[in-house]
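**Student:** Below: one structure in structure tokens.
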Amino acid sequence: MRHRRFRLSHLLLYALLTTGSLVMVTPFLDMISTAFKSQTYVLEVPPTLIPREPTLQNFVDAWQSNHFALFFRNSLVVAVSTTVLSLLVSAMLAYGLARFEFPGKNLVFYAILLTMMIPSLMLIIPQFMLAKTLGLRNSLTGLVLVYTAMNIPLNTFLLRGFFEELPRELEEAVLIDGGGHFTIFTRMALPLSTPALATVAIFTFLAAWDEFTWALTAIDDATKRTLPVAIATFQGEHLTQWGLVFAASLVAILPVIIVFVTLQRYFVKGLTSGAVRG
Amino acid sequence: MTRKTLANLLGALVATALILAACAAPAAAPTPATIKETVVVQQTVPVPVTATPAPVEAPIATINFWHTYNPVETKVLEEKVIPAFEQAHPNIKVQDQTVPYDDFRKKLLTAIAGGTAPDVARLDIAWLPEFADLGALAALDTLMNDFDTYKSAVFPGPLSTNAWKDHYYGLPLDTNTRAIVWNKDVYTKAGLIGAPKTIDDFLADCAKIKAAGSTCFADGGTYGWAVMPWIWSMGGDITDPKMTTSTGYINGPDTVAAYQLLKDMLDNGYLDKAILGGGLDTYGAFAKDQLANVLDGPWMPPLFASQYPDKAIDFALMPAGKGGPISVVGGEDIALFQQSQNQEAAAEFVRYMLSPETQLALAEAGQVPVRADVADQAVKAHPYFQIFFDQLKTARARLPHPNWPKIESILTDAGQVILRGEKTPQAALDEAAAKIDPLLK
Amino acid sequence: MPHARRFSATPYLFILPGMLFFLVFLLYPLVEAFRISLYDWKIMPGAVSTFVGLDNYLRAFKDDVFWIALRNTVLYTVVTVPAQMVLAMLVAVLVDALPSGKVLYRTLYYIPVITSWVVVSLLFRYLFDPSEAGLINYFLMHSLHLIAQPIPWLREPGPAMVAIITLGVWKGIGWSMIIFLAALQTIPADLHEASQIDGAGPVQRFFSITLPLMRPTVVFVLIMLVIGGFNVFLSVYLMTGGNPLHRTETILTYMYNQAFNFLEFGYGAALSYLLAIIIFVISFVQIKFLRRPIEV
């Protein structure tokens, strides 16, 4: 009796979750389907999920004649550079805040908390003028530096929580053996924090890969566009040619989805083991 | 120990710097394979024998050219015009970039504010006064010593859109207007023979077209480009001819009647609801016989044919009201920016864009030439240009005023309020007049 | 040794690189934004900016569009935050209870989170097409028979906000879900078993054991989502652009347009500051009243 109820409730679980995930996934299926449709079949009544005369033409047009390979490269360079740089400086900053007592520590910490709350977009006007003064407009370096800074508050906050929970005894052992704090940081703190670092890295990578407004505002040169800007611009040029727009969009989102699906084990482990307790 | 820590941390800082440099290097380095060059490389064109031979060691100037050409026009520009220009000028590279029309003004303002304006841009004639007034454009009549030869070669109407205060800040590049593009299949189905000549006939035809199951007319919004033909054709206007006041014009009886006309058309189901926003694939609707008429420009036939090669289109003048069959003048000017570091090279490109051969090359894609000496040739090659030349004879320009973008935004909002039935045309336009008057000072 | 109370440069060297970024690209702009907000700021080279005191702030209070934008921003937050949290918690609890296939479901719900905002905003514009051919309209008309006429989604302010909010919830569920799920997995299984022996049902167990244990996580997610809600920008910018008639405008879309469409940098900066103050106050209140009791 008890056993049967158990299985029935599982069936209900799967039914509920499957219904929900259909809502999550159907928009993507429609997008994929439209990307394989020629303009004649876009927005027809009734809508069809299986294209009647599937074509690869949209992908060919988007990839070949519209330089999406270049935009892809730009996005990759920016997102990877931002992730590495932001991870390094945030980890050092978080370690400094977690493991040391020093005058001004609270001030620094609260300043970081404060910037976590403010909308990053509200800084766009002064950042725009700063980038102009520093010659950082219209360059991918400018994007990397601003993205790195944008990600510092949250990354530092999450990593600080993780570093604080590392056992003090290990640290003292290293010190007794004659190692310095930098040794502790690189040999002990960082390796022990791999899951947290992976989590933060994925968040940062996604944020940099998806960022739109600063890239739109800072980049003028078409050859330096990142994927989000390129896709929005592409849509502006091809207004209702949704097949073309979605073919280009798929190019941008598939890699991230693949990366996430592959790495999610570490990511979830990082969430479970510390970042979540922030 | 402290010293050791210090050393370690310095090491960390150096490492940071190195990574920073390593990350930044590929990003900062100028992309060697620019988009434009790729295109040029792919073309194996014979080496030109003529052209002005430049010294080999002359530094290569790269000029940035921003425009809103549609995909068909861009193809001609990138595959014919620019390669030919670069062959004739081996020391100049042209890097062109397409910006969607709706984003262009904002993008240009941002770039000017950020000190990274392009060298040359193709601007909607309605924007030139604003950018000239901002001090962003270079006065072409002082920069180009041969300006007068171009000035006399182009049509005076389009040329006049480049004048601001005492100088010319650009040259016309193409001209256009909106004419009725009508769908013969739908007309036939509704039992009609041809497009209407007057607004009264237009309304009568709309009733039959609606009865036959199609929408009579569609437009994308209530901005100036869309509503001005109706306002002028009904005898109304936005301001007095000298642009000193809008009271008595935008809220005058004829303009009010024009808005009432649009409102009635919308309520009767003659006018597609897309005018309220949200977008409509007009070409798709036209091709599927859901739509009978649009107002469109000379770029439409090539662009439409690239998407729907099998569907025929026909043209007619804007239907006439008491003001006549008045449409709106469009077109683009080519302008050079103050911030440009390559003004000489940019001016050379401007000259090339105004050359007869370039004007004719772009006519392939539906760009109506502005040079009087090639107009006949262009019409012969593209008979559909004729209707646009005819329409241009009576067409009028949107307000050549630096505050036009703000005025237009008031106009757009008033149109929305009226068509959504929130206020009567008179009330909404009275308010608009009160807002526009201070902007005309 | 590490606890010796003497001045050491070490901590400062650790925080230095991060602080440089922080000071140059975040803190300085934060201060500078305030300064700009006090000026009729002119951006063109050579033009003179004039000091106007708090005029830009006063202008906002008299600006109808500001109030509409504020109302929309608040509405978006008030609807999307609870909706995301409740649905995400539900999904997390259900996924956690699965005997197998956890990874599959977790991934399916997380895909919208990792998809670019630009792409999903354009996608939703397509799904919410005002004609009968739009997927949402078609589904409502012909599958559910809820409506007789297609809804002109992005053309009317009310329906447009519904579309924008739907996107916000749809895209956000996965983020909260994965964090809740992570927290659920840290709850010791013996606690559940103990209460099961006491005869508590699953719902009762959730409210009496699970939820209190997850309180820090829930508060963290709440604070982050509220900040995120007030930050709503991109979906509106790409789906309606604040139209029709500025009625779907949010504070940030209005700010961005004022700054970069009309070069009203001073007014834009003032709008940003007003938003920042609102967020700061709300976050502060949340932290003060929700966080304290469990942080001993």
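The values are calculated or read from the model by the stated rules, or taken from the named source; none is laboratory data. Worth saying up front: this structure is predicted, and the values here are computed from it rather than measured. Cβ sites come from the backbone with ideal geometry, for glycine too, and all protein chains shown count toward neighbours.
**Student:** For C:VAL24, are the conditions met, namely being surrounded by fewer than 23 Cβ atoms within 10 Å (Cβ to Cβ), among the hydrophobic types (A, V, I, L, M, F, W, C), within 12 Å of chain A (Cβ to nearest Cβ) and under 30 Å from A:VAL108 (Cβ atoms)?
**Tutor:** Details: surrounded by fewer than 23 Cβ atoms within 10 Å (Cβ to Cβ): yes; among the hydrophobic types (A, V, I, L, M, F, W, C): yes; within 12 Å of chain A (Cβ to nearest Cβ): yes; under 30 Å from A:VAL108 (Cβ atoms): yes.
Yes.
**Student:** Collect the residues in region B:234-259 that are of a type in the set (Phe, Trp, Tyr) and touching a Pro at 6+ places or on another chain (Cβ under 7 Å), keeping them in residue-number order.
**Tutor:** Residues of region B:234-259 of a type in the set (Phe, Trp, Tyr): B:249, B:259.
B:TYR259, the sole residue that qualifies.
**Student:** For region B:349-394, give me each residue that is acidic (Asp, Glu) and farther than 26 Å from B:ILE82 by Cβ.
**Tutor:** Selection gives B:ASP376, B:ASP390.
**Student:** Just one of B:ALA207, B:ALA258, B:ALA292, B:ALA218 is within 14 Å of another protein chain (Cβ to nearest Cβ) and either modelled with pLDDT of 95 or more or within 25 Å of A:GLN39 (Cα to Cα) (or both); which is it?
**Tutor:** Working: B:ALA207 fails: within 14 Å of another protein chain (Cβ to nearest Cβ); B:ALA258 fails: within 14 Å of another protein chain (Cβ to nearest Cβ); B:ALA292 fails: within 14 Å of another protein chain (Cβ to nearest Cβ).
Exactly one residue qualifies, and that residue is B:ALA218.
**Student:** Ok, one more. Would you please list the contacts, defined by Cβ atoms under 6 Å and residues six or more apart or on different chains, that run from a residue in region A:117-131 that is farther than 23 Å from A:THR156 by Cα to a residue that is at pLDDT 90 or above and part of a loop (DSSP other than H, G, I, E, B)?
**Tutor:** From residues that are farther than 23 Å from A:THR156 by Cα, the pairs are A:ALA131/A:ARG137.
**Student:** Of all residues in region A:32-50, count the ones that are β-branched (Val, Ile, Thr), more than 32 Å from the chain's Cα centre (by Cα) and under 21 Å from A:ALA62 (Cβ atoms).
**Tutor:** Matching residues across region A:32-50 total 1.
**Student:** Another question, then. Just one of the numbered conditions (1) touching a helix residue (DSSP H, G or I) at 6+ places or on another chain (Cβ under 6 Å); (2) within 11 Å of chain A (Cβ to nearest Cβ); (3) not in a loop (DSSP other than H, G, I, E, B) is not true of C:VAL236; which one?
**Tutor:** Every condition holds for C:VAL236 apart from (2).
**Student:** Next question, about the same structure. Tell me yes or no: at least one residue of region B:329-343 is over 18 Å from the mean Cα position of the chain (by Cα), under 21 Å from B:ALA126 (Cβ atoms) and not assigned by TED's automatic domain parsing to the domain that holds B:ILE92.
**Tutor:** So far as region B:329-343 goes, no, none of its residues is over 18 Å from the mean Cα position of the chain (by Cα), under 21 Å from B:ALA126 (Cβ atoms) and not assigned by TED's automatic domain parsing to the domain that holds B:ILE92.
**Student:** Check whether at least one residue in region C:51-62 is within 13 Å of another protein chain (Cβ to nearest Cβ) and surrounded by fewer than 21 Cβ atoms within 10 Å (Cβ to Cβ), and report yes or no. If you could, list the steps in order and put the result at the bottom.
**Tutor:** Looking only at region C:51-62, we keep the residues that are within 13 Å of another protein chain (Cβ to nearest Cβ), and these are C:56.
Narrowing the set further to residues that are surrounded by fewer than 21 Cβ atoms within 10 Å (Cβ to Cβ) leaves none.
No, there is no match, as no residue in region C:51-62 is within 13 Å of another protein chain (Cβ to nearest Cβ) and surrounded by fewer than 21 Cβ atoms within 10 Å (Cβ to Cβ).
**Student:** Same structure, new question: Going through A:PHE182, A:PHE162, A:PHE157 one at a time, which residue ends up being part of a helix (DSSP H, G or I), over 22 Å from the mean Cα position of the chain (by Cα) and more than 20 Å from A:VAL256 (Cα to Cα)?
**Tutor:** Values: A:PHE162 fails: over 22 Å from the mean Cα position of the chain (by Cα); A:PHE157 fails: over 22 Å from the mean Cα position of the chain (by Cα).
Result: A:PHE182 is the single residue among A:PHE182, A:PHE162, A:PHE157 that is part of a helix (DSSP H, G or I), over 22 Å from the mean Cα position of the chain (by Cα) and more than 20 Å from A:VAL256 (Cα to Cα).
**Student:** Right, here's the next one. Name the single residue that is surrounded by the fewest Cβ atoms within 10 Å (Cβ to Cβ) among those in region A:92-107 being at the interface with chain C (Cβ under 9 Å from one of its Cβ atoms) and in a helix (DSSP H, G or I).
**Tutor:** Looking only at region A:92-107, we keep the residues that are at the interface with chain C (Cβ under 9 Å from one of its Cβ atoms), and these are A:92-97, A:99-105.
Pick out the ones that are also in a helix (DSSP H, G or I) and you get A:92-97, A:99, A:105.
Values: A:MET92: 27, A:LEU93: 27, A:ALA94: 29, A:TYR95: 28, A:GLY96: 27, A:LEU97: 24, A:ARG99: 21, A:LYS105: 14.
Filtering first and then ranking leaves A:LYS105.
**Student:** Surrounded by fewer than 20 Cβ atoms within 10 Å (Cβ to Cβ), touching a residue at least 24 places away in the same chain (Cβ under 8 Å) and closer than 30 Å to B:THR62 by Cα - does that describe any residue in region A:223-230? Talk me through it step by step, then tell me what you get.
**Tutor:** Taking region A:223-230 as the starting set, the residues that turn out to be surrounded by fewer than 20 Cβ atoms within 10 Å (Cβ to Cβ) are A:223.
Still in the list and also touching a residue at least 24 places away in the same chain (Cβ under 8 Å): A:223.
Keeping just the survivors that are closer than 30 Å to B:THR62 by Cα gives A:223.
Yes, that holds for at least one residue.
**Student:** Moving on. Which condition does C:PHE124 not pass, out of (1) farther than 14 Å from A:PHE28 by Cα; (2) crowded, with 22+ Cβ neighbours inside 10 Å; (3) over 15 Å from the mean Cα position of the chain (by Cα), if it passes all the others?
**Tutor:** Of (1) farther than 14 Å from A:PHE28 by Cα; (2) crowded, with 22+ Cβ neighbours inside 10 Å; (3) over 15 Å from the mean Cα position of the chain (by Cα), only one is false for C:PHE124: (1).
**Student:** Out of (1) without any contact (Cβ under 8 Å) to a residue 12 or more places away in the chain; (2) crowded, with 21+ Cβ neighbours inside 10 Å, the odd one out for B:LYS393 is which?
**Tutor:** Result: B:LYS393 passes all but (2).
**Student:** When you scan region A:49-61, how many residues do you find that are under 16 Å from C:TYR126 (Cβ atoms) and either among the small types (Gly, Ala, Ser) or surrounded by 13 or more Cβ atoms within 10 Å (Cβ to Cβ) (or both)?
**Tutor:** Just the residues of region A:49-61 that are under 16 Å from C:TYR126 (Cβ atoms), to begin with: A:49, A:51, A:58.
Pick out the ones that are also either among the small types (Gly, Ala, Ser) or surrounded by 13 or more Cβ atoms within 10 Å (Cβ to Cβ) (or both) and you get A:51, A:58.
Final tally of qualifying residues: 2.
**Student:** Okay, moving on. If I ask for residues that are touching a helix residue (DSSP H, G or I) at 6+ places or on another chain (Cβ under 9 Å), free of Cβ contacts under 8 Å to residues at least 60 places away in the same chain and part of a loop (DSSP other than H, G, I, E, B), which ones from region A:27-53 would you list?
**Tutor:** Hits for region A:27-53 are A:VAL45, A:PRO46, A:PRO47, A:THR48, A:LEU49, A:ILE50, A:PRO51, A:ARG52, A:GLU53.
**Student:** Now for a separate question. Considering every residue within region A:78-89, establish whether at least one is touching a residue at least 60 places away in the same chain (Cβ under 8 Å) and surrounded by fewer than 20 Cβ atoms within 10 Å (Cβ to Cβ).
**Tutor:** Step one: list which residues in region A:78-89 are touching a residue at least 60 places away in the same chain (Cβ under 8 Å), which gives A:78-83, A:85-87, A:89.
Those still in the list that are surrounded by fewer than 20 Cβ atoms within 10 Å (Cβ to Cβ) too: A:80.
Yes, there is a match, as at least one residue in region A:78-89 is touching a residue at least 60 places away in the same chain (Cβ under 8 Å) and surrounded by fewer than 20 Cβ atoms within 10 Å (Cβ to Cβ).
**Student:** What is the one condition in (1) more than 13 Å from chain B (Cβ to nearest Cβ); (2) closer than 17 Å to A:ALA215 by Cβ; (3) surrounded by fewer than 21 Cβ atoms within 10 Å (Cβ to Cβ) that A:PRO167 does not satisfy?
**Tutor:** Among (1) more than 13 Å from chain B (Cβ to nearest Cβ); (2) closer than 17 Å to A:ALA215 by Cβ; (3) surrounded by fewer than 21 Cβ atoms within 10 Å (Cβ to Cβ), the lone unmet condition for A:PRO167 is (2).
**Student:** Keeping to region A:118-136, report how many residues are facing another protein chain (nearest Cβ under 7 Å) and not in a helix (DSSP H, G or I).
**Tutor:** Residues meeting the conditions: 2.
**Student:** Filter region A:252-273 down to the residues that are among the β-branched types (Val, Ile, Thr) and modelled with pLDDT of 80 or more, then identify the one that is farthest from A:PHE163 (Cα to Cα).
**Tutor:** Applying the first criterion (among the β-branched types (Val, Ile, Thr)) to region A:252-273 yields A:253, A:256-259, A:261-262, A:268, A:272.
Now restrict to residues that are modelled with pLDDT of 80 or more: A:253, A:256-259, A:261-262.
Working: A:ILE253: 33, A:VAL256: 28, A:ILE257: 29, A:ILE258: 30, A:VAL259: 26, A:VAL261: 27, A:THR262: 26 Å.
This residue is A:ILE253.
**Student:** Turning to a different aspect of this structure: Among the listed residues C:THR107, C:THR73, C:THR77, identify the single one that is of a type outside the set (A, V, I, L, M), outside any loop (DSSP other than H, G, I, E, B) and facing another protein chain (nearest Cβ under 7 Å). Talk me through it step by step, then tell me what you get.
**Tutor:** Details: C:THR73 fails: facing another protein chain (nearest Cβ under 7 Å); C:THR77 fails: facing another protein chain (nearest Cβ under 7 Å).
Every option except C:THR107 fails the conditions.
**Student:** Need the failing condition index for A:ALA62 against (1) within 24 Å of C:VAL113 (Cβ to Cβ); (2) touching a residue at least 60 places away in the same chain (Cβ under 8 Å); (3) of a type outside the set (Asp, Glu), just the number.
**Tutor:** Of the numbered conditions (1) within 24 Å of C:VAL113 (Cβ to Cβ); (2) touching a residue at least 60 places away in the same chain (Cβ under 8 Å); (3) of a type outside the set (Asp, Glu), the odd one out for A:ALA62 is (1).
**Student:** Would you call A:LEU70 surrounded by 17 or more Cβ atoms within 10 Å (Cβ to Cβ), outside any helix (DSSP H, G or I) and touching a residue at least 12 places away in the same chain (Cβ under 8 Å)? Don't jump to the end; show me each part of the working.
**Tutor:** On the way: surrounded by 17 or more Cβ atoms within 10 Å (Cβ to Cβ): yes; outside any helix (DSSP H, G or I): no; touching a residue at least 12 places away in the same chain (Cβ under 8 Å): yes.
Here the answer is no, as A:LEU70 does not meet what is asked.
**Student:** Further, regarding this structure: If I filter region C:130-138 for residues that are touching a residue at least 24 places away in the same chain (Cβ under 8 Å), part of a helix (DSSP H, G or I) and hydroxyl-bearing (Ser, Thr, Tyr), do I get at least one hit?
**Tutor:** There is no residue in region C:130-138 that is touching a residue at least 24 places away in the same chain (Cβ under 8 Å), part of a helix (DSSP H, G or I) and hydroxyl-bearing (Ser, Thr, Tyr).
**Student:** Assuming C:GLU249 fulfils every condition listed in (1) surrounded by fewer than 23 Cβ atoms within 10 Å (Cβ to Cβ); (2) more than 11 Å from chain A (Cβ to nearest Cβ); (3) touching a residue at least 24 places away in the same chain (Cβ under 8 Å) apart from one, which condition is it?
**Tutor:** (1)
**Student:** If only one of C:SER37, C:SER8 is in contact with a helix residue (DSSP H, G or I) (Cβ under 9 Å, 6 or more places away or on another chain), hydroxyl-bearing (Ser, Thr, Tyr), within 13 Å of chain A (Cβ to nearest Cβ) and free of Cβ contacts under 8 Å to residues at least 12 places away in the same chain, which one is it? Break it down stepwise before answering.
**Tutor:** Numbers: C:SER37 fails: free of Cβ contacts under 8 Å to residues at least 12 places away in the same chain.
Selected residue: C:SER8, the only one of C:SER37, C:SER8 that is in contact with a helix residue (DSSP H, G or I) (Cβ under 9 Å, 6 or more places away or on another chain), hydroxyl-bearing (Ser, Thr, Tyr), within 13 Å of chain A (Cβ to nearest Cβ) and free of Cβ contacts under 8 Å to residues at least 12 places away in the same chain.
**Student:** Related question: For B:ALA61, only one of the following conditions fails: (1) within 22 Å of A:ILE231 (Cβ to Cβ); (2) surrounded by fewer than 21 Cβ atoms within 10 Å (Cβ to Cβ). What is its number?
**Tutor:** (1)
**Student:** Sticking with this one: Any idea which of (1) within 21 Å of B:GLY366 (Cβ to Cβ); (2) at pLDDT 95 or above; (3) more than 12 Å from every other protein chain (Cβ to nearest Cβ) is the one B:ALA139 doesn't satisfy?
**Tutor:** (1)
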